[in-house]
Structure formats: structure tokens, C-alpha cells
1. I need a count of the residues in segment 354-371 that are surrounded by fewer than 20 Cβ atoms within 10 Å (Cβ to Cβ), without any contact (Cβ under 8 Å) to a residue 40 or more places away in the chain and within 27 Å of the chain's Cα centre (by Cα).
2. How many residues does segment 384-401 hold that are in a loop (DSSP other than H, G, I, E, B) and not aliphatic (A, V, I, L, M)?
3. Please pick out the residue among Arg413, Arg351, Arg447 that is charged (D, E, K, R), farther than 22 Å from Leu266 by Cβ and either buried (at least 17 other Cβ atoms within 10 Å of the Cβ) or touching a Phe, Trp or Tyr at 6+ places or on another chain (Cβ under 6 Å) (or both).
4. Is one or more of the residues making up segment 292-307 at positive phi, touching a residue at least 24 places away in the same chain (Cβ under 8 Å) and either open to solvent by 20 Å² or more (accessible area, probe 1.4 Å) or not aromatic (Phe, Trp, Tyr) (or both)?
5. Of everything in segment 225-241 that's out of contact with any helix residue (DSSP H, G or I) (no Cβ under 7 Å at 6 or more places or on another chain) and open to solvent by 10 Å² or more (accessible area, probe 1.4 Å), which residue is modelled with the highest pLDDT?
6. If we scan segment 269-281, do we find a residue that is open to solvent by less than 10 Å² (accessible area, probe 1.4 Å), under 13 Å from Ile188 (Cβ atoms) and not in a helix (DSSP H, G or I)?
7. Just name the residue that is farthest from Asp203 (Cα to Cα) out of those in segment 153-164 that are open to solvent by less than 50 Å² (accessible area, probe 1.4 Å) and in a loop (DSSP other than H, G, I, E, B).
8. Which one of the conditions (1) open to solvent by less than 20 Å² (accessible area, probe 1.4 Å); (2) under 22 Å from Val295 (Cα atoms); (3) touching a helix residue (DSSP H, G or I) at 6+ places or on another chain (Cβ under 8 Å); (4) touching a residue at least 60 places away in the same chain (Cβ under 8 Å) does Gly222 fail to meet, given that it meets all the rest?
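The values are calculated or read from the model by the stated rules, or taken from the named source; none is laboratory data. Keep in mind it's a predicted model, so treat the numbers as computed, not measured. Quick reminder, even Gly has a Cβ in these numbers, built from the backbone with ideal geometry, and neighbours come from all protein chains shown. Heads up: the accessible areas ignore ligands, DNA and RNA and are worked out on the full protein's heavy atoms, side chains in. Shrake-Rupley method; radii C 1.70, N 1.55, O 1.52, S 1.80 Å.
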Amino acid sequence: FTTTSFLLVGILFQVLQIHSFQITSPNLRQYLKSNNQIVLLAAATIEAVTIEPALSDTIIPNDQPTLTQEQHQQQQRQRDAEISHSFATRDFEPAFYATNPHLQTLVGVFARQATTYAPSKLQSLLKSCFQEDGPIKSFQWDEQVRMTTPDGDFFNVDYNYVDKSNARNDDANDDYEEENEEVPLVLIVHGLQSNSDSPLVKDMTNAFNAIGMDSACINFRGCTGEINTKSPLGYHLSFTDDLQQMVEHISTKFPMRPIYLSGFSLGANVVTKFLADIGTGAKEYNIRGAAVNAVPFDLVKVAPNLSDPGFTKAVYGNSLCKSLKRRTQESLQVCEQDFSGDTFEAIETIREYDDLVVCSSYDFENVLDYYTKSSTWSILDQVAVPQFIVQALDDPFFQGNIKPENDPSMPLRIHYTKYGGHCGYIFQQSDDEQNYQTSWMPTEMARFLDHVHQKQLCIANEK
């Protein structure tokens with residue numbers, strides 16, 4: 001150990017003391033103690049410095065303030081709120097002949113491809129109505145994966161990739177994911193009695209693909225034509241189990257992959273309930289944000305729309321009720337659960353169906369308990385990632401719904417529109433020269449997710 005070495009060691013420890021650093025390497029201390037008397041003098045200097053056990057040999061400053069977990073979460077919440085509320089929303093302005101909420105709702109289901117926008121020229125409109133192809137009609141999923149649930153049941157997930165050459169059809173398909181792990185994935189949750197074949201789901205997927213995000217639609221149990229064996233109804237308004245399993249699957253297998261959530265109607269409620277339930281835990285799954293349409297915030301208030309006498313029940317409620325009963329009857333042939341034949345056959349409304357089938361299958365006390373526990377209006381402040389909700393004030397399914405206010409301190413952002421119906425948002429006024437590939441609502445949700453993603457990339461690059 002030379003005189004020069006000693007001087008350097010001495011200078012080092014003086015610097016450490018001046019800046020109040022902690023030495024975290026026991027190896028350095030032991031080496032110095034094992035040498036001659038000159039080095040022991042340096043070792044004595046070390047004795048004057050607080051030595052903390054550490055996991056590495058890194059020298060860490062102790063003069064920087066340490067945030068508590070609560071303070072860190074508050075900072076993240078404020079940042080996410082700023083991201084949500086900095087998004088520039090756009091108005092939905094349908095053509096003058098397409099403002100009726102029932103027209104928006106029905107045509108949006110049966111003729112979405114031809115009516116996404118309303119060209120100013122009649123010739124262009126007629127052409128779009130009779131075209132045989134288009135982004136929705138020509139859409140195809142790249143692959144389907146079956147997920148086995150902890151209770152021994154299953155649900156199917158359909159994937160669509162931005163890069164079509166990455167479609168895979170076997171179990172040895174990890175190469176794409178490992179090489180492109182940071183490509184965002186949007187998990188889509190559909191509505192009541194819908195599935196991945198829905199024109200709206202395809203429309204949404206096209207919109208998400210357009211901003212460079214892969215998509216995966218979670219088909220609720222029993223919604224793909226296959227009978228599930230564990231329950232006559234494999235999902236409900238607050239059934240988050242399958243979404244939770246899918247999120248855990250993606251985040252565990254590909255922890256760097258950003259996850260976004262989307263959905264509509266019942267699916268929008270499931271997404272919102274899930275995010276509120278897990279709160280800040282969303283960060284642990286790398287969930288970056290969400291965009292949904294049509295949330296029934298207060299189910300106690302809106303449920304009568306589909307069950308009480310009136311136009312909405314006659315046009316939508318009765319049809320949905322018959323569809324639910326038909327699917328349940330098919331499931332009962334293989335499910336262990338059973339209902340009184342006379343009671344089941346007597347069901348005439350969705351409320352009666354919920355009371356008999358849903359409540360008994362999922363241990364709700366009664367239909368009021370089911371609607372109360374499945375409502376999200378009282379837990380919106382627990383959402384801890386940027387979430388965008390597109391909500392039509394003329395939605396026939398949700399008349400009487402409460403209207404939560406936007407709070408700039410919350411990551412939740414609600415965009416209320418005067419028109420739109422129930423998951424419609426078609427016939428948006430447009431310029432004939434523009435080639436629109438997706439309808440207004442999916443486009444706006446995709447814009448929000450892209451806004452969130454770009455903002456978060458900027459924040460990550462600044463660190």
C-alpha cells in the first residue's frame with residue numbers, strides 16, 4: 001500500500017464524510033483492516049462512518065428525501081389525472097337525420113359498416129350502404145386462445161395483431177411476444193350477449209390497431225356458441241374474474257407489456273368495477289389506462305329501463321331476455337345447477353331473470369343487492385389509472401342514470417355527448433374526401449389511449 005494509495009483513500013473518506021455518504025461495501029472495510037498500520041488508520045476513519053448492510057456494493061447518498069408509499073401513490077395519481085384531463089375531446093355531431101337515440105342504437109348494431117360516417121353527398125352515402133367489403137366486414141381475428149379457469153371452466157380470447165405476420169396458431173408461440181414485449185395490448189370486454197364477432201368489437205379493434213396497439217377480446221363464458229359447464233350464466237355486470245385472470249396471465253408472462261382496457265355497456269361496467277376494486281394495484285399489472293363506452297353507473301336507477309313497460313323494454317329488453325333464457329336452457333343441460341321449471345319459464349323481464357338466475361348463481365341476496373353491489377358510481381374515486389368514459393346522455397338503456405362530475409384531481413375523465421344512443425355513435429358528419437376506417441366512438445377511445453401512451457413514454461424518457 002503506497003503513500004499515494006493512502007492519500008487517495010484519505011481523500012475518499014473526507015469526501016464521504018463531507019457529503020454524508022453511507023459506505024455499503026463491507027469488503028472494502030475488511031480489506032483495509034487486513035493491511036498495515038497505515039491502512040488501519042484509514043480503517044479507523046471508516047469506523048466513524050455509519051455502515052449499513054446492503055444488497056449491493058453501491059454507494060448511496062442518505063441526504064435525499066424518501067417518499068412514503070402513500071406520497072408516491074399520490075404523485076402518480078396527480079400525474080395520471082393531469083394526463084387524463086389534458087386530453088382534447090371532440091364533439092359527436094351526427095347528421096341531422098340521425099340524432100334519434102333508437103336509430104343510433106339499432107343501426108349501430110345492424111349496419112355499422114355502412115353508417116360509420118355520414119358523407120355530405122347522397123351518392124357517397126348510397127355507395128357505402130351497398131358496399132360488400134370494408135374494415136368491419138373484412139375483419140378477421142388472427143388467433144383464438146382458450147383460457148382454463150381456476151374453477152375448471154374456460155373462456156376464449158381472440159387476438160388481433162398490428163403486424164399480421166406475427167399471427168400464431170400453436171402453443172410454441174412465444175417468439176413474437178418476447179421480441180415485441182413492449183407493444184401495447186388492449187383487452188376488450190364486450191357487452192351483454194355479445195362476443196368477438198360483434199361489429200362494434202371489430203370496429204374498436206381496427207381503431208386500436210390503427211394506433212399501433214394489438215387487441216384481444218375476452219369472450220365471456222358461453223358467448224362463443226360453446227356451452228360452459230359450471231354455471232348457466234358465465235358472467236354478470238360485476239363479474240371481473242375472467243378479466244382478472246387475463247390481466248394476471250399477460251403481466252406474468254410478459255411483465256414489460258403495457259396493458260390497456262376497453263369495453264362497452266356491461267363490459268364497460270366490468271372494466272370500471274375491476275379498476276376501482278384493484279385501485280393502485282393496477283400498476284403492479286402494468287395496466288396503463290382504459291377507455292370505455294356506456295357505463296350504467298347506478299344500476300338501481302337504470303335497470304327499470306329494460307324491464308318496465310315501455311318502448312325500450314319492448315324493443316330491447318324483451319329480445320335480450322329471450323336470448324338469455326335460450327342460452328340458459330342450453331347450459332342447464334350440462335350444468336349441475338337447476339331451477340324450478342315453472343319459475344324459469346315464467347320469466348318475462350331481465351329483472352326477473354337477474355333475480356332468479358344471476359342472484360342464485362352468484363350468491364347475491366336478491367336483485368336489489370345485485371344491482372347495488374354491481375354499481376360503480378360510489379367507487380369511481382378508487383380508479384388509479386387514466387380512464388376515459390364516453391357517455392351518451394340520450395342512451396335509452398340508461399335513462400335516469402346519475403351523471404358523475406369530472407374532478408380534475410381524479411384520473412377518471414368522462415366525456416358526455418348529447419347524442420349517441422346505446423353504443424351507437426354513427427352517421428358522424430364528415431368530408432367526402434376523407435377515408436374513415438372506424439366510427440367516431442372507437443376512434444375517440446383509441447385517441448385517448450394513444451394520448452396516455454405517448455404521455456407516459458415522455459415521462460419515462462425524462463427519468
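1. The number of residues fulfilling the criteria is 3.
2. Qualifying residue count, segment 384-401: 6.
3. Unique residue meeting the criteria: Arg447.
4. Just the residues of segment 292-307 that are at positive phi, to begin with: 294.
Of the ones still in play, those that are also touching a residue at least 24 places away in the same chain (Cβ under 8 Å) are 294.
Of the ones still in play, those that are also either open to solvent by 20 Å² or more (accessible area, probe 1.4 Å) or not aromatic (Phe, Trp, Tyr) (or both) are 294.
So far as segment 292-307 goes, yes, one or more of its residues are at positive phi, touching a residue at least 24 places away in the same chain (Cβ under 8 Å) and either open to solvent by 20 Å² or more (accessible area, probe 1.4 Å) or not aromatic (Phe, Trp, Tyr) (or both).
5. Checked segment 225-241; the qualifying residue modelled with the highest pLDDT is Asp241.
6. The answer is no; no qualifying residue exists.
7. Keep residues of segment 153-164 that are open to solvent by less than 50 Å² (accessible area, probe 1.4 Å), which gives 153-161.
Next, only the ones that are in a loop (DSSP other than H, G, I, E, B) stay: 153, 161.
Details: Asp153: 29, Tyr161: 14 Å.
The selected residue is Asp153.
8. Checking Gly222 against (1) open to solvent by less than 20 Å² (accessible area, probe 1.4 Å); (2) under 22 Å from Val295 (Cα atoms); (3) touching a helix residue (DSSP H, G or I) at 6+ places or on another chain (Cβ under 8 Å); (4) touching a residue at least 60 places away in the same chain (Cβ under 8 Å), the one that fails is (2).
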